[in-house]
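A.B. asks: Right, I'll just put the structure down here and ask away after.
The values are calculated or read from the model by the stated rules, or taken from the named source; none is laboratory data. Computed from a predicted model, the values in this text were never measured in an experiment. Neighbour counts run over all protein chains shown; Cβ positions are idealised from the backbone, glycine included. The accessibility values were calculated without ligands, DNA or RNA, using every heavy atom of the protein model including side chains. Shrake-Rupley method; radii C 1.70, N 1.55, O 1.52, S 1.80 Å.
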Amino acid sequence: SEYQNNPDEILQNYIKEQINVTISLIEKAGQMGCDIVVTCEDIAGIGSFIADMTEKNIFPLLAALSCALIETRLSELSAHYAMYIIGCYFKKVGDEIYNAAVIFDRQGTICGQYFKTHLPPDEKWQVSEGRLLDAFELDFGKIGINICYDMMFQECAQVLALKGAEIIFHPTVGYGWYDEIGEATLKTRANDNSLYLVTSKNYVFNHAGKSSIIDYWGQVLVNAGFYQNVIVTQEIDLDVRKVQPEWYNPV
């Protein structure tokens, strides 16, 4: 388009529109009384600029501009609704750019962040790999985060489970596999590691997957189907432990 190399125009006419879609959904989640919400991956929608390595490369600037805007909005929303928010976007830290999932607490303060450790080839053009898989202690329990491609490697979920994570939040563009085996993988990760798995997926045409919440038995409690811009929510009691039901007595 006529503004494809103009960062300010891209910010006004594209990035803000992408961010506003997510902001409106978070506001609805807050009004519904949700305790914690996770966005999809790359809520600014600037991933398509990663492959530009020409002299006109504007991805680093777009990452910085969009990050500042996103963090201001998410901080305001988390404080307003006293709700944890995990936002996933590209974040410039010093000279490095990361695919980040940032946790805002109930006061609107950043209380943790995770940098995607496993990058697909296209992201490696300009994005740096994170170096740490860690669990975060929130006021209701301990959580972990995997971003998109991380989920293809079973060790990512295993490490978080061993560190005490009770829920893994999974912002993503897609499964990485086709629908059936992609969902089977998520169910297996949840069951094998005895934790809940909350996936938030971008609405992208022809990308496998859908937003969902899966319990520690690998059962899909709720999913978004193929609907666009919807909220998937489920009440979870983390005090209910994973034990074989009394009525279940296989012969």
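A.B. asks: Among the numbered conditions (1) in contact (Cβ under 8 Å) with a residue 24 or more places away in the chain; (2) over 19 Å from I36 (Cβ atoms), tell me where G225 comes up short.
C.D. replies: (1) is the only condition that G225 fails.
A.B. asks: Working carefully through the options C148, C111, C156, find the one that is open to solvent by 10 Å² or more (accessible area, probe 1.4 Å), under 17 Å from the mean Cα position of the chain (by Cα) and under 24 Å from G218 (Cα atoms).
C.D. replies: After applying the criteria, what remains is C148.
A.B. asks: If we keep just the residues of the range 222-238 that are open to solvent by 70 Å² or more (accessible area, probe 1.4 Å) and modelled with pLDDT of 95 or more, which is nearest to G174 (Cα to Cα)?
C.D. replies: The residue in question is Q234.
A.B. asks: Quick one: Y203 ticks every box in (1) touching a Cys at 6+ places or on another chain (Cβ under 9 Å); (2) buried (at least 17 other Cβ atoms within 10 Å of the Cβ) except a single one, so which number is it?
C.D. replies: (2)
A.B. asks: Now, a different point. Only one of S212, S194 is at pLDDT 95 or above and farther than 18 Å from C88 by Cα. Can you tell me which?
C.D. replies: One residue alone meets the criteria, S194.
A.B. asks: Continuing with this model, one more query. Could you list all residues from the range 11-53 that are touching a Lys or Arg at 6+ places or on another chain (Cβ under 8 Å) and open to solvent by 20 Å² or more (accessible area, probe 1.4 Å)?
C.D. replies: C40
A.B. asks: Which numbered condition in (1) surrounded by fewer than 16 Cβ atoms within 10 Å (Cβ to Cβ); (2) within 18 Å of the chain's Cα centre (by Cα) is the only one that E96 fails?
C.D. replies: Of (1) surrounded by fewer than 16 Cβ atoms within 10 Å (Cβ to Cβ); (2) within 18 Å of the chain's Cα centre (by Cα), only one is false for E96: (2).
A.B. asks: Within the range 168-186, take every residue that is part of a helix (DSSP H, G or I) and within 25 Å of I103 (Cβ to Cβ) and give me the one that is most open to solvent (accessible area, probe 1.4 Å).
C.D. replies: T185
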